[in-house]
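What follows is one structure encoded as structure tokens, with my remarks underneath.
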Amino acid sequence: MGVRKKNMADQLKAERKQRAFAKLTNCPTSPRKMRLVADLVRGKEAEKALQILRFSSKEASRRLEKLLLSAIANWQAKNEDADIEEADLFVQFFHD
């Protein structure tokens, strides 16, 4: 493997270690209702997003709260030595 290719592979590996994700499947909520709640927390810090979801009256907020807690747990599993308060985690949504 060349030097540039190895450096790029190491850089991608370091970026993947910082990213944790969770996937929500088989959710009976309509996409429009879910999008209303997702727009509330998109781009926010993880702790602030959790507080928003906890106090929201929408049903979709319960599902997204569980999803966000799962993503945080996945990040903690990857980074056991890191502190979650110093990590500056934020919410970002992807779709297939």
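For this structure, a couple of remarks:
- The sole residue among Ala14, Ala87 that is at pLDDT below 95, within 15 Å of the chain's Cα centre (by Cα) and small (Gly, Ala, Ser) is Ala87.
- Test: residue in segment 46-68 that is modelled with pLDDT under 95, of a type outside the set (Gly, Ala, Ser) and touching a Phe, Trp or Tyr at 6+ places or on another chain (Cβ under 8 Å): no
- Filtered residues of segment 1-47 (kept if among the hydrophobic types (A, V, I, L, M, F, W, C), touching a helix residue (DSSP H, G or I) at 6+ places or on another chain (Cβ under 6 Å) and farther than 15 Å from Lys66 by Cα): Leu40
- Answer residue from segment 24-45, given it is basic (Lys, Arg) and touching a residue at least 12 places away in the same chain (Cβ under 8 Å) and is surrounded by the most Cβ atoms within 10 Å (Cβ to Cβ) among those: Lys44
- Residue pairs meeting the criteria (Cβ under 6 Å; at least 6 apart or on separate chains; first within 17 Å of Ile52 (Cβ to Cβ), in segment 79-93; second surrounded by 10 or more Cβ atoms within 10 Å (Cβ to Cβ) and aliphatic (A, V, I, L, M)): Leu89/Ala46; Val91/Val41; Val91/Ala49; Phe93/Ala38
- Top-ranked residue of segment 46-70 - restricted to ones that are among the charged types (D, E, K, R) and within 18 Å of Thr29 (Cα to Cα), ranked as surrounded by the most Cβ atoms within 10 Å (Cβ to Cβ): Glu65
- Of the numbered criteria (1) at pLDDT 90 or above; (2) surrounded by 13 or more Cβ atoms within 10 Å (Cβ to Cβ); (3) not in a loop (DSSP other than H, G, I, E, B), the one Trp75 fails is (1).
The values are calculated or read from the model by the stated rules, or taken from the named source; none is laboratory data. The shown structure was predicted, so the numbers you read here are calculated from the model rather than taken from an experiment. Neighbour counts are summed over all protein chains in view; Cβ atoms, including those assigned to glycine, are modelled from backbone coordinates with ideal geometry.
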